[in-house]
Amino acid sequence: MTRKAILTLILALPLLAACGIYSFSGTSIQPDVKTITINYFEYKALRVNPSLANDLTEAMRDKFRKLTRLEQVDEEGDLEIEGEITGYDIKATAVTAEEVAAQNRLTVTVKITFTNRKYPEDDLEQSFSAYADYDSTQSLDSVEAQLCDEILEKLCEDIFNATVAQW
């Protein structure tokens, strides 16, 4: 590339980002969309994890705060995310020759509704699942917090990409 082409590219990138055509976080949020409401995620799974709904809600709010320019409002945002945790399940994924579980999998399932009040064609209702495996010699209590952190990170990434990155 020539120096002139590189300089033109460097000067054009801020203009493209300002116009809403491209953003460095990978989002495709229209320039007239200014606010987002992320409602508290309800916990509806049969197996109980008392902090998971709050942790997911806060993780989603943090993700949008860090990666978008959107102002978070309590209600009636241009964009709105609401959802519920519908599954919190543990299953054996690997069995030894003695037919004993060697590895277990914790899976969390979340159903979300995404509303775009300015561009309703972008509305979305979808379920997302993420999991983490752990050795069966460990108790769930001893690894649950770490597993949930990993799972929430994956879920937030998937939900973010489906709603504002539109991947």
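The values are calculated or read from the model by the stated rules, or taken from the named source; none is laboratory data. Computed from a predicted structure; not experimentally measured. We place every Cβ from the backbone using ideal geometry, glycine too, and count neighbours over all the protein chains shown.
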inquiry  = I'd like to know if the stretch 136-153 contains one or more residues that are assigned to a strand (DSSP E or B), of a type outside the set (A, V, I, L, M, F, W, C) and in contact with a Leu (Cβ under 9 Å, 6 or more places away or on another chain).
reply    = no
request  = Check Arg69 against each of (1) within 20 Å of Asn161 (Cβ to Cβ); (2) under 18 Å from the mean Cα position of the chain (by Cα); (3) outside any loop (DSSP other than H, G, I, E, B) and name the one condition it does not meet.
outcome  = (3)
ask   = Would a scan of the stretch 91-110 turn up a residue that is assigned to a loop (DSSP other than H, G, I, E, B) and either closer than 30 Å to Gln30 by Cα or of a type in the set (D, E, K, R) (or both)?
value = yes
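Name the one entry in Gly77, Gly87 that is of a type outside the set (D, E, K, R), in contact with a strand residue (DSSP E or B) (Cβ under 7 Å, 6 or more places away or on another chain) and part of a loop (DSSP other than H, G, I, E, B).
On the way: Gly87 fails: part of a loop (DSSP other than H, G, I, E, B).
Among Gly77, Gly87, only Gly77 is of a type outside the set (D, E, K, R), in contact with a strand residue (DSSP E or B) (Cβ under 7 Å, 6 or more places away or on another chain) and part of a loop (DSSP other than H, G, I, E, B).
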message = Suppose we filter Glu144, Glu84, Glu99, Glu80 for residues that are more than 20 Å from Leu46 (Cβ to Cβ) and in contact (Cβ under 8 Å) with a residue 12 or more places away in the chain; which single one remains?
response = Glu80
Residues (free of Cβ contacts under 8 Å to residues at least 60 places away in the same chain and not polar (S, T, N, Q)) located in the stretch 46-58 = Leu46, Arg47, Val48, Pro50, Ala53, Glu58
key: Close pairs from the stretch 59-75: first over 17 Å from Ser28 (Cα atoms), partner part of a helix (DSSP H, G or I), Cβ under 6 Å, at least 6 apart   = Ala59/Leu152; Ala59/Cys156; Met60/Cys156
remark   = Taking the stretch 12-65 and keeping residues modelled with pLDDT under 95 and among the charged types (D, E, K, R) leaves Asp32, Arg47
